[in-house]
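Worksheet: one structure, shown below.
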Amino acid sequence: GHVCAVFEQLFSKLPEYESRYASLFESPIAAVRPPSSNTSRANYVFVEFRDATLARTALEMSGLSLLGKSLKVNRANSASAAGEAEVVPLDVSPLRAAGSLPQQGGPGAVFNDQVWVGNI
């Protein structure tokens, strides 16, 4: 729902995403899953992106706003860090310049293709 919509909106504003991915995928997100535990009060979800570049870009979006809350975007504990130095995120500076993201970068998290989104 809301998590997909906010990421789709932000990615669609990135010229680099539009030129490289828009014709390939309807959404940068492959799946959104709740935590596997039976915790009914979990305030996070796992988001699987179409590729590692998109996931790495999502990490740069930590601090994005959803329904008045500042969301945390971090690497999922289950995600592999193999090859993390090779993955370069898309340029999110247009979003920072427009005020859609905080001026500071992501939390310093590393490569993965699955992230968790908390404080939702």
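The values are calculated or read from the model by the stated rules, or taken from the named source; none is laboratory data. Because the structure is predicted, anything quoted here is derived from the model rather than measured. Cβ atoms come from the backbone with ideal geometry, glycine included; neighbour counts cover every protein chain shown. SASA here: full protein model, heavy atoms, side chains in, ligands and nucleic acids out. Shrake-Rupley method; radii C 1.70, N 1.55, O 1.52, S 1.80 Å.
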**OP:** Please specify each residue of segment 51-77 satisfying the condition of being surrounded by fewer than 17 Cβ atoms within 10 Å (Cβ to Cβ) and not small (Gly, Ala, Ser).
**Re:** 51, 66, 67, 69, 77
Original post:
Within segment 6-16, is there a residue that is small (Gly, Ala, Ser) and within 19 Å of residue 93 (Cα to Cα)?
Top reply: yes
Original post:
Is it the case that some residue within segment 104-119 is modelled with pLDDT under 75 and among the acidic types (Asp, Glu)?
Top reply: yes
**OP:** Out of the residues in segment 19-38 that are more than 13 Å from residue 57 (Cβ to Cβ) and not in a loop (DSSP other than H, G, I, E, B), state the one that is least open to solvent (accessible area, probe 1.4 Å).
**Re:** 31
